[in-house]
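Working notes, beginning with the structure itself.
The values are calculated or read from the model by the stated rules, or taken from the named source; none is laboratory data. Not measured: the values here are computed from a predicted model. Glycine gets a Cβ as well: all are built from the backbone with ideal geometry, and neighbour counts include every protein chain shown. We work out accessible area using only protein heavy atoms, side chains counted, and drop any ligands, DNA or RNA first. Shrake-Rupley method; radii C 1.70, N 1.55, O 1.52, S 1.80 Å.
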Amino acid sequence: VIPRGFDWQKGLIRSKWRITVPPPLAHFLSLFDLLGFEIVALTCLSKGSGYYCPPTHILQLCGFRLLLECPIDLSSLAVFSPIPAAGAANLDASSGLLRALPWYKTVPGLHLWDPSLIDAVLVSSPAGMLGLPFLTRNAKFCGKIYVTEVVARIGQLLMEDLLSMHAELLQFYGADVKPASPEWMKWEELEKLSPELKQVVLGEDGEELGAWMPLYSTANTCTETHEIRNNDMIVDNDPSLRSASALSKVEIPHQLFGTDETSDEIEKISFLCSCIIDSLEGGGSVLIPVGRLGTVLLLLEQISDSLESFNLKVPIFMISPTAEETLAFVNTVPEWLSKQRQQKEPCIIFSPHWSLRLGPVVPLLHRWHADPKSLLILEQGVNVEVALLPFRPVAIKVLQCSFLSGIMMHKVEPVLEILHPKLVLYPEDLRIQDPAKENNSWSYLYYSENVQLRVPSFVEDFKACLETNLTFQLRPRRLTQQNIAIARLKGRIFLSKGKYFLAAPRIPMESSNKQLLYWGSIEPTCLLMALQERGLVGTIHWNEDAANSVCTIQITNPEKAVIETSARKTTISCEDENTATLIYEALGNLCDGI
């Protein structure tokens, strides 16, 4: 929650709120709407690939260029071969994977942006900050990073975990001889890949090859995690905030409190536990490479209850370089993880990494892949066939399931009814899934990857600062009908750091009387007298039946002219230049002008 009037230049934000809004774009856009910001343009760099790689956008507003999320696509690690089992160095040679030190795929297209043009990065989830060191190690980047305290801490643990697992690969493969162009990036090596794996590396037209980078080091991340700890400001909940108070005054639709998803999740976890119990009773072990901390904690609790119900004395291991810190951070040290429970197999092991390419899961799979009594639990979205290529032949049972993450589609509209937006930005893919309804009070715009979307502004008025040199060029005139002075202005408007500025034009404005602009009501009798003083002869004709009571002054001498005037406008028709000049002077005596 960011308060009104917050200065974007002040530094990092930390919040004691644990906010989970899985569609990050919707979260950020709602925040900007509450703060009264004007969205100018949106560019979707990546639609993302689920929980571990959230969507990434560039948002341009109020002169700022904001990067929303900065993840790594860790699913692309599937193209690399893991460390082979001891004594079987050529075991996975026929798998068709790249046998090299892995590089990591950043957000496609982000490497094409000049880092100096990014003013700030907004991160809403731990996975959304894994790519930050790729950006911050660039000397051109000088923007701010905004992240909550919880996201920052868990994200830091994920970075440390990734670095530790990558260190094992670095020790096995050694550093790249040519860091800028490793052997596996050569076209002849890429041609050996299957079409599916080549698609992962290159993308549709080969444009994603530039998104691959060698992993950052601990030195790259130390500075950024230090800034997160020693931040400039901590923002707590303030009931005076417009965002909080607005939501507290509305009635929350009952659809948002539906228990269908919760019931389904509990039923799914119960089924998982039953499969785990079956494997354990059959003498097998269970391997759970799941990276969602909340899901891991829920599984720990449910599995512990199931083991107790079946009176099974089976140890549960959490193998990770940061496991102890992670559990300490969430204040969870289950009895089933205590040293007294660390007995012989069968056992249950939680371990990184869900890609099955690095970390403790690799040697464990090398050991259990041929055991039909054991069980491997994977998340939905992992390509099981590709993930298990290095571990063939596979006899271990594989159970793949999805876990609740984010907001369900049928709850989107009730949320929008609470927020009352004027405009909703949706990915093009959702146009069919959630079509716009005629009775909606908001409009929809749909965006696609790497296509800048211009967003209309709903701001009718705004304040602008005048530059000093333009201020001295003003020539104020006091109005006769009102007790104020006003000046005509010509300048260039531009945005800088969230403020509008007016600068002097390159060509100075002429200030002759012929350039004056007139306005105000005209009394026909007074106008006729002013014309007569200048030698013009004419008569007044009233048209009471016409709308707005149109009055016509017909000038007959020395030249013909017609003046039609009403409450809304005045129209002058005249072919003679001298007569037109005299009429203009007469109007100038009766109207205010600048």
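Please list 530-539, 54-63, 353-362, 390-399 highest first by mean number of surrounding beta-carbon atoms within 10 Å per residue.
Details: 530-539: 15.0, 54-63: 21.3, 353-362: 23.5, 390-399: 16.6.
Those peptides, ordered most packed to least, come out 353-362, 54-63, 390-399, 530-539.
For W542 paired with L312, estimate the spin-label separation in nm (one decimal), with each label point 7 Å from Cα along the Cα-to-Cβ line.
10.1 nm
Which residue, L453, Q433, Q400, has the largest displacement toward the positive end of the dipole of the stretch 391-461 when charges sit on each Cβ (Lys, Arg +1; Asp, Glu -1)?
Going by the charge dipole, the pick is Q400.
Label M408 and Y518 with points 7 Å out from Cα along Cα→Cβ: what is the distance between them in nm?
Distance between the two pseudo-spin positions: 7.0 nm.
Fully extended, how many nm does the chain gain between N450 and L479 (0.36 nm per residue separation, minus their Cα-Cα distance)? Mind showing how you got there, number by number?
Values: separation 29, 0.36 × 29 = 10.44 nm, distance 5.22 nm.
So the extension gain works out to 5.2 nm.
Is the C-alpha gyration tensor of the stretch 66-194 telling us rounded, prolate or oblate? Criteria: a/c under 1.5 is rounded; beyond that, a/b larger than b/c is prolate, otherwise oblate. Each step should come with its number before you reach the end.
Values: a/c = 2.49, a/b = 1.73, b/c = 1.44.
Note, shape of the stretch 66-194 comes out prolate.
Can you work out the Karplus-derived ³J(HN,Hα) for every residue in the stretch 417-424? Use 6.51 cos²θ - 1.76 cosθ + 1.60 with θ = phi - 60°, whole Hz, and x for glycine or proline.
Values, residue by residue: 5, 6, 6, 6, x, 7, 9, 10 Hz.
So if we plug the beta-carbon distance of F472 and T525 into 1/(1 + (r/R0)^6) with R0 = 45 Å, what FRET efficiency do we get, rounded to 0.05?
On the way: r = 42 Å, r/R0 = 0.92.
My answer for the efficiency is 0.60.
Can you give me the solvent accessible area of K437 with a 1.4 Å probe, rounded to the nearest 10 Å²?
90 Å²
Could you pull out the pairs from K268/K397; K47/K144; K105/K397; K47/K140 whose alpha carbons sit more than 19 Å apart here? Numbers along the way, then the final one.
Numbers: K268/K397 17 Å; K47/K144 23 Å; K105/K397 30 Å; K47/K140 26 Å.
Flagged as over cut-off: K47/K144; K105/K397; K47/K140.
If packing is taken as the mean number of other Cβ atoms within 10 Å per residue, what is the order of 208-215, 463-470, 100-107, highest first? Display every interim value, and only then the final one.
Numbers: 208-215: 18.2, 463-470: 12.1, 100-107: 22.0.
Ranked by mean Cβ neighbours within 10 Å, highest first: 100-107, 208-215, 463-470.
Working out 0.36 nm times the residue gap between E188 and A567, then minus their Cα-Cα distance, what length gain in nm do you get to one decimal?
Computed gain between E188 and A567 is 128.5 nm.
Could you tell me what percent of the accessible area of the stretch 364-488 is made up of carbon and sulfur, with a 1.4 Å probe and every protein chain present? Write down the numbers at each step before the final one.
Values: 4160 of 7940 Å².
On the stretch 364-488, the fraction of accessible area on carbon and sulfur atoms equals 52 percent.
Starting from the Cα of L416, step 7 Å along the direction of its Cβ; do the same at E533; then give the gap between the two resulting points in nm.
My value for the distance between the label points is 6.2 nm.
In nm, what is the difference between 0.36 nm times the number of residues separating E324 and A219 and their Cα-Cα distance?
Using 0.36 nm per residue and subtracting the Cα-Cα distance, I get 35.5 nm.
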